[in-house]
Each structure stands twice: as structure tokens, then as C-alpha cells.
1. Can you confirm whether ARG105 is closer than 29 Å to SER142 by Cα, among the basic types (Lys, Arg) and at pLDDT below 80?
2. Quick check on this structure: which one of ALA112, ALA145, ALA152 is under 21 Å from TRP81 (Cα atoms), of a type in the set (A, V, I, L, M, F, W, C) and at pLDDT 95 or above?
3. May I ask you to list the residues in the stretch 44-64 that are within 17 Å of ARG7 (Cβ to Cβ) and of a type in the set (Val, Ile, Thr)?
4. Hey, among the residues in the stretch 126-163 that are among the small types (Gly, Ala, Ser) and either near the ligand (Cβ under 9 Å from one of its atoms) or assigned to a strand (DSSP E or B) (or both), which one's surrounded by the most Cβ atoms within 10 Å (Cβ to Cβ)?
5. Scan the stretch 288-308 for residues that are of a type in the set (A, V, I, L, M, F, W, C) and part of a loop (DSSP other than H, G, I, E, B) and report the count.
6. Quick test for you: out of THR80, THR66, pick the one residue that is β-branched (Val, Ile, Thr), modelled with pLDDT under 95 and more than 22 Å from SER240 (Cβ to Cβ).
7. Kindly state which strands (runs of 3 or more DSSP E) lie completely within the stretch 1-102 and contain at least 1 residues that are closer than 22 Å to ALA239 by Cα and within 14 Å of the ligand (Cβ to nearest atom).
Amino acid sequence: MTHSFPRYLLAKQTVDDRALNKDVLAALQSNLPDEQLSVIEVGAGIGTMLARLLRWGILPLAVDYTLLDSDPENIAFAQTWLPQWARERGYQVHQPPASSPVEIRESVTESAFSIRLSASKSVTPSVNITIIQADLFDYIRSAPAPADLLIAHAFLDLLPLPDSLPGLLSLTKNLAWLTLNFDGVTTFEPVLDPELDSAIEAAYHRTMDTRPGGGDSRSGRHLFGFLEQAGVQIVSAGASDWVVYPVEGRYPADEAYFLQSILHFFEESLGHLPELAGWLEKRRAQLARGELVYIAHQIDFLARLKPG
Ligand SMILES: C[S@@+](CC[C@H](N)C(=O)[O-])C[C@H]1O[C@@H](n2cnc3c(N)ncnc32)[C@H](O)[C@@H]1O
């Protein structure tokens, strides 16, 4: 079966809804203005965080939301999925008919699309959405005007840290909500073979630390020091663990697909290990029987630029 990354991101929504740290979220909400807000979300995938913030009523009355991702498949998906999602929830959607890409700045050669969601009686806020397909570092080099809020969700642990932080933080003039930063613990239950389970989990973490583009399997704990060194204040921090489990033998929403995807990522990263095939077969059988439990430890942060 071919794996669909956009479907994985869709299936991840309910898992992330539970995981996001609600104290850090409350701190974010209490620091947002009531009227106008500009947001830049990097590594935004298909746009599910924007949908979540609208569902949860977190955003103020008028929002400019820029969503950036380097993957053309995710961007194409976002362009159709977000307007459809918004229409189904009562927003009026204004999208240029051809929705053709425009070059936004000389050094960002990729495309930008715009969609406007108008508030109606039943739904607020109004949102101007700009969807940009570009590599994060090209975008930073193009020196865009900073937004009020930077969001990086399930993304920072893929970047070279701490080297990426100064550029990343140049995208905000005030707040950064940095969520689901993986922090070195992966657990599957029930145990198959304690030694083999631990060896495979550790090998998976090592692949995160040795990715050519960067990455850190303990980014969560390291961010406390890295953010401090980058000159920002940590306003709030807390755990945002993924905890995926069956209820009476069934997984909620599309979370069985989420778990299939996690096992697929193990296969992609560790396919060379001779023990992996047998281990995966048993884990997939546990999933099919509705027995598999998966836990990944992660940490959320709300940070604020220090004045001056
Ligand atoms: C784990 S996914 C998370 C997506 C989204 N934040 C979510 O949670 O639904 C990481 C995303 O980062 C994007 N990405 C990876 N490296 C990137 C880069 N250098 N510049 C921009 N996007 C990048 C990928 O295409 C992918 O969509």
C-alpha cells in the first residue's frame, strides 16, 4: 500500500488535539490581541493548525495567516482542503478562480496562493490566508516583514538546532508558539521483546540525529537552553505527548492510519536492520487486532522576544 503524507497529517489531527499542552495554549491565548493578528506558520503541512485554531476559537477578529511548506504535494492539498474545510463550516471563501502562483520575492522562487475566509454571523474571524511553497531557509533569506506570531508545529525537531533559531525567530516580532518538539522517548505497548524493542526505538532516534538536513531527537529538552541562548523568554512550557490507544479494540477517527504511518516511518528509516521485518510484522498484527499503544514524548513552548 502506498503511503499518503497528506492523509497522515489529516489523521494526526485528533492525536495532536489531545497532545497539545493546554497550559501553554492558554498562555498563548492570553497573550494574543483581540482585534488583529499576523501569523507565519512554518513547516505547516496541509494547514491543519489553522483549521484547529479556528475550530478552537483561538484567533482574534482579523487575521493574516501565512502558511509555508516546502513540499509541493502538501501545498497542493492545502489549496483544496482548506477552502473546502472552511466552506463546510460556514465561511465565505474567496479564492482567485485560477489560483495561479505568483513569485513573492526575488529570492523566493516558489509560489504563493491567497484565499480569503470572510466571517459570517455564525463564524469569526476573517482570515487572509497566503500559502507559500518554499524552503524555510530561502524564505528567511528573503527577509519578509516579521509577523506577530510564529508557529512551528511538529517541525523544529527536523531542523539543525540551535543554528536555525536566529533565522527562525527573525520571522516574528513578538511571540513564538513552538509545539510538539520530540523529546527522546518512544514507547510501544504491549512489549514484544524488551531488548529488541529498546534497540529499535534507540536506532530510530539515532536516524533523527543523523539526518543530512539536521534534526534532534531530544529537541524538547534542548530547546530550554537553546531558546535562552537565542535571547527569547520562555513564557510557558509543558509536555505534549502523543498517546494513541484503542478504545474497546478500536482506534478513534483515523488514528489507525496514524499508527500505520508511524510504523511506515520506522520501515523507511530502519529497513536495513535484519530484525526489523519480524518486529514490524508483529507490531502491525497488534495494530490490526486493536491492541497497539504508542507513546511519544514531546514538549511545547510559548516564547516571547525580549524587548530591545
Ligand atoms: C512532520 S510535518 C508537520 C506538518 C504540520 N506542521 C503538521 O503537524 O500537520 C513537517 C513538515 O515540514 C515540512 N518541511 C520540512 N523541511 C522543510 C523546510 N526546510 N522548509 C519548509 N518546510 C519544510 C515538510 O514538508 C512537512 O510538511
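1. Working: closer than 29 Å to SER142 by Cα: yes; among the basic types (Lys, Arg): yes; at pLDDT below 80: yes.
So ARG105 fits the description; yes.
2. On the way: ALA112 fails: at pLDDT 95 or above; ALA145 fails: under 21 Å from TRP81 (Cα atoms).
Exactly one of ALA112, ALA145, ALA152 is under 21 Å from TRP81 (Cα atoms), of a type in the set (A, V, I, L, M, F, W, C) and at pLDDT 95 or above, namely ALA152.
3. ILE46, THR48
4. In this case the residue turns out to be ALA152.
5. 1
6. The conditions single out THR80.
7. Working: elements: 36-42, 62-69, 92-94.
Per the criteria, 36-42.
Conditions (1) within 30 Å of LEU259 (Cα to Cα); (2) within 12 Å of the ligand (Cβ to nearest atom); (3) assigned to a strand (DSSP E or B); (4) in contact (Cβ under 8 Å) with a residue 40 or more places away in the chain, marked per residue:
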{"position": "THR124", "(1), (2), (3), (4)": "no, no, no, yes"}
{"position": "LEU168", "(1), (2), (3), (4)": "no, yes, no, yes"}
{"position": "ASN174", "(1), (2), (3), (4)": "no, no, yes, yes"}
{"position": "VAL185", "(1), (2), (3), (4)": "yes, no, yes, yes"}
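The values are calculated or read from the model by the stated rules, or taken from the named source; none is laboratory data. Given the structure is predicted, the values throughout are model-derived calculations rather than measurements. Cβ: placed from backbone, ideal geometry, glycine included. Neighbour counts: every protein chain shown.
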